[in-house]
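> Please see the structure below; I have some questions.
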Amino acid sequence: MAGLGGGGGGGGGDWGGYYDDDDWGLSAEQLDQIERDAIRQLAERKASSSAASTAPAPVPEPALGTISPLASRSTMPAAAASSPLGGNHSAARASLEARFGKVRVPPRCCCFGDWSLSLFILFFLFVIQVNNSQDSSPKVSVHLFLHSSGVIAAKFPYNQLLVDAFRKIPKASWNARERVWMFPPSSLSTAEEVLHSVPGLAVEVHKLDPLVQRALVAALGSRDLRGFYDRIPPDVESKLMPFQREGIRFVLQHGGRALISDEMGLGKTIQVVLPQTGGSHKAGFRLVYSNTKGDFRLDGVFNVISYDVVPKIQSTLLDLDFKIVIADESHFLKNGQAKRTIASLPVLQKAQYVILLSGTPALSRPIELFPQLQALYPTVYKNVRDYGDRYCKGGFFGLYQGASNHEELHNLMKATVMIRRLKKDVLSQLPVKRRQQVFLDLSEKDVKHVRALFHELETLKIKIESSDSKEMIDSLKFTQKNIITKLYTDSAEAKIPAVLDFLGTIIEADCKFLIFAHHQNMIEAIEQYLLKKKVKCIKIDGQTPVTTRQTLVTDFQNKDDIKAAVLSIRAGGYGLTLTAASTVIFAELSWTPGDIIQAEDRAHRIGQVSSVNIYYLLSNETIDDLMWDVVQGKLENLGQVLSLNTNIKSFVENDQCHEFD
């Protein structure tokens, strides 16, 4: 007899084999009841489809326990023998399917013999039951996402079967506070297999974004180099702060390809240079400035090259095949179309080890992170479309100029390439910055011309909004841009008298201070005022030779009688340590928030022992009205990418001086 069998009890996956004495775990009474129900249903089916005017004779029901096709298999029960289907198995199947719906019958089953109709009926009903049971499995959705700790988290409504499944995932644990299951990225493939094979449960898994998965896989494939940490000489290693040791280990753990984006002033450079030099103070240095002329050789142990020089010597850099490349202030590579970025990326990508250093890696928009990520993982971030669609939506000024999925991007960078520590978290002895707005009172004659430019700007805005010609709009916007540029310049000129008045008060306080400006006329006016007041100062702007800047910085740091440093926001805002000052003043603003933060941290760095007060000198009815809102908006976006727990909206979070007398 061939029938339903599991092949030695092999389960529901194998429907072939022999029936033997396996009655599917049903008692004789249960089998009798199923047979009676099936015969009755067949008879009712025939009666309902009959065109005869008289009702068919009822089908007698055998007494319980007196007729069983399994107990006496040599004969056919009378009721079944006289059934309207007789031994026509095809008709029996068609009739059953018409009543119960079409079901999948396992292909390796066959029935024969005088009593096979009863067996077929029983088997058919059993298959229906199995299929209905499978179709009615409860469905549960599991949402996977990248946690802020760098591991993968899973959220789902409580289900004991799922809980049992998660216990099978390697290194999975329950986070009771956040009510999520968590497991390391290395367990992701196993987790997906486990979740797709939960018995009795249909699990819908919302997977991580493909870009996120690629980045995690690449990070997992990095060679762990933490064993090299012990090569740092003990007398050097002992001088490192705990968070600096952590930064070095992070870079080594990620195969020597990472981004250290600690807040400015925390000593990023030393975390990179020490493991490479082995503490040697005899390493040779070759410096190549942007204005270096003539032939030069890159034969130093360290070759320090200006970004602006890289396009000129890219082929040389590629031929030399450097194993280690450090990109300091890597946010200078934010523009993927800039010559310096196009020239630098191949050099960075070719190197075996690449370390990027930046306190503000995403100055304004997440798209500016993309070239830096390309430098570290070119095989992962090879398509700007994937990255842009995921993280740069929502902009109004061009493709991928917005910001989206901030938290995921932040978590992804921390999990794969970036380590970032804030001063408030790792350096308790460093005073917190205190920012204040100081609103200057301008005279009517100083602000009159600026006010006229604002009026002209408003008129242009109305014309742009009412125009329906693209050519006209483009022409008006070009004019608008020129007016804003002139407004920036003329506002600086208008603010000079009020800025100098404010400086008089600072001079009376007899403290060291830094003062930043953008326009040359403002810088020169400040310097001349200080000299007139017999206040010794240094000045560093774009015209100051790079070779003399450090000498000026040393003088300011070491000489008590030098009270002021007059600095341009760009030239004096990067790479200088001016911790001898405890007061920082901005006579003007910059459109780029990263420049402002960098400038602040010339004083707010390691070595600062007093509270740092920062004053922003603002004037109503000047360009400050436009710039302050723009700068704060960009700073908010920057904070969402780099420090999610830091509310950059509180950029001015202390007492505000609405007027400084």
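> Filtering segment 558-571 down to residues that are farther than 15 Å from Lys534 by Cα and over 32 Å from the mean Cα position of the chain (by Cα), which residue is surrounded by the most Cβ atoms within 10 Å (Cβ to Cβ)?
Filtering segment 558-571 for residues farther than 15 Å from Lys534 by Cα gives 558-559, 567-571.
Within this subset, residues satisfying the condition of being over 32 Å from the mean Cα position of the chain (by Cα) are 558-559, 567-568.
Numbers: Asn558: 9, Lys559: 12, Leu567: 25, Ser568: 22.
Out of the qualifying residues, it is Leu567.
> Follow-up. Please go through segment 510-528 and pick out each residue that is among the hydrophobic types (A, V, I, L, M, F, W, C) and without any contact (Cβ under 8 Å) to a residue 40 or more places away in the chain.
Of segment 510-528, the ones among the hydrophobic types (A, V, I, L, M, F, W, C) are 511, 513-517, 522-523, 525-526.
Once the filter is applied, which keeps residues that are among the hydrophobic types (A, V, I, L, M, F, W, C) and without any contact (Cβ under 8 Å) to a residue 40 or more places away in the chain, segment 510-528 yields only Ala525.
> Let me ask something else about it. Would you mention how many residues in segment 161-198 are more than 14 Å from Leu144 (Cα to Cα), of a type outside the set (D, E, K, R) and over 26 Å from the mean Cα position of the chain (by Cα)?
Final tally of qualifying residues: 5.
> Take the residues of segment 303-339 that are part of a strand (DSSP E or B) and either among the basic types (Lys, Arg) or surrounded by fewer than 16 Cβ atoms within 10 Å (Cβ to Cβ) (or both): which is modelled with the highest pLDDT? Even if it seems obvious, please write down each step before you answer.
Step one: filter segment 303-339 for residues part of a strand (DSSP E or B), giving 303-305, 324-328.
Of the ones still in play, those that are also either among the basic types (Lys, Arg) or surrounded by fewer than 16 Cβ atoms within 10 Å (Cβ to Cβ) (or both) are 304, 324.
Numbers: Val304: 83, Ile324: 92.
Once the filter is applied, the top-ranked residue is Ile324.
> Just checking, does segment 340-352 include any residue being under 19 Å from the mean Cα position of the chain (by Cα), assigned to a helix (DSSP H, G or I) and crowded, with 19+ Cβ neighbours inside 10 Å? So that I can check it myself, show each step before the final result.
At the first step, the residues of segment 340-352 found to be under 19 Å from the mean Cα position of the chain (by Cα) are none.
No; the residues of segment 340-352 include none that is under 19 Å from the mean Cα position of the chain (by Cα), assigned to a helix (DSSP H, G or I) and crowded, with 19+ Cβ neighbours inside 10 Å.
> I've got another one for you. Here are some conditions: (1) out of contact with any Asp or Glu (no Cβ under 9 Å at 6 or more places or on another chain); (2) crowded, with 23+ Cβ neighbours inside 10 Å. Ala517 meets all but one. Which one does it not meet?
(1)
> While we're on this one: Can you name every residue in segment 148-180 that is out of contact with any strand residue (DSSP E or B) (no Cβ under 7 Å at 6 or more places or on another chain), among the charged types (D, E, K, R) and within 26 Å of Asn405 (Cβ to Cβ)?
Across segment 148-180, the qualifying residues are Arg177, Glu178, Arg179.
> Identify all residues within segment 177-206 that are without any contact (Cβ under 8 Å) to a residue 40 or more places away in the chain and more than 12 Å from Ala153 (Cα to Cα); write none if there are none.
Arg177, Ser186, Ser189, Thr190, Glu192, Glu193, Val194, His196, Ser197, Val198, Pro199
> How many residues does segment 576-596 contain that are touching a Leu at 6+ places or on another chain (Cβ under 8 Å) and modelled with pLDDT under 85?
Residues flagged as touching a Leu at 6+ places or on another chain (Cβ under 8 Å) and modelled with pLDDT under 85 within segment 576-596 amount to 3.
> Within segment 329-359, how many residues turn out to be among the polar types (S, T, N, Q) and touching a Pro at 6+ places or on another chain (Cβ under 8 Å)? Break it down stepwise before answering.
The initial filter retains those residues of segment 329-359 that are among the polar types (S, T, N, Q), namely 330, 335, 337, 341, 344, 349, 352, 358.
Restricting the remaining residues to those that are touching a Pro at 6+ places or on another chain (Cβ under 8 Å) gives 330, 335, 341, 349.
Looking only at that region, the number is 4.
> Those residues that are among the β-branched types (Val, Ile, Thr) and either touching a strand residue (DSSP E or B) at 6+ places or on another chain (Cβ under 8 Å) or in a helix (DSSP H, G or I) (or both), I need them from segment 228-257; list them, please.
So the first thing to find is which residues in segment 228-257 are among the β-branched types (Val, Ile, Thr), and the list is 232, 236, 248, 251.
Residues satisfying the conditions are Val236, Ile248, Val251.
> Continuing with the same structure: Condition first: under 30 Å from Phe156 (Cα atoms) and either of a type in the set (Phe, Trp, Tyr) or not in a loop (DSSP other than H, G, I, E, B) (or both). Can you find one or more residues in segment 219-227 that meet it?
Taking segment 219-227 as the starting set, the residues that turn out to be under 30 Å from Phe156 (Cα atoms) are 219-221.
Right, trim to either of a type in the set (Phe, Trp, Tyr) or not in a loop (DSSP other than H, G, I, E, B) (or both) and you get 219-220.
For segment 219-227, residues under 30 Å from Phe156 (Cα atoms) and either of a type in the set (Phe, Trp, Tyr) or not in a loop (DSSP other than H, G, I, E, B) (or both): present.
> Identify all residues within segment 140-185 that are of a type in the set (Asp, Glu) and farther than 25 Å from Arg420 by Cβ; write none if there are none. So that I can check it myself, show each step before the final result.
From segment 140-185, those of a type in the set (Asp, Glu) are 164, 178; that's our starting set.
Once the filter is applied, which keeps residues that are of a type in the set (Asp, Glu) and farther than 25 Å from Arg420 by Cβ, segment 140-185 yields only Asp164.
> Taking only segment 146-184 into account, find how many residues are in contact with a helix residue (DSSP H, G or I) (Cβ under 9 Å, 6 or more places away or on another chain), of a type in the set (Phe, Trp, Tyr) and not in a strand (DSSP E or B).
So the answer is 2.
> Just give me the residues in segment 458-481 being under 38 Å from the mean Cα position of the chain (by Cα) and not polar (S, T, N, Q), in sequence order.
Pass one, segment 458-481, residues under 38 Å from the mean Cα position of the chain (by Cα): 461, 464-465, 470, 473-474, 477-478, 480-481.
Result: Lys461, Ile464, Glu465, Lys470, Ile473, Asp474, Lys477, Phe478, Lys481.
The values are calculated or read from the model by the stated rules, or taken from the named source; none is laboratory data. Fair warning: this is a prediction, and the values are worked out from it, not measured in the lab. As a convention, Cβ positions derive from the backbone with ideal geometry for all residues, glycine included, and neighbour counts pool all protein chains shown.
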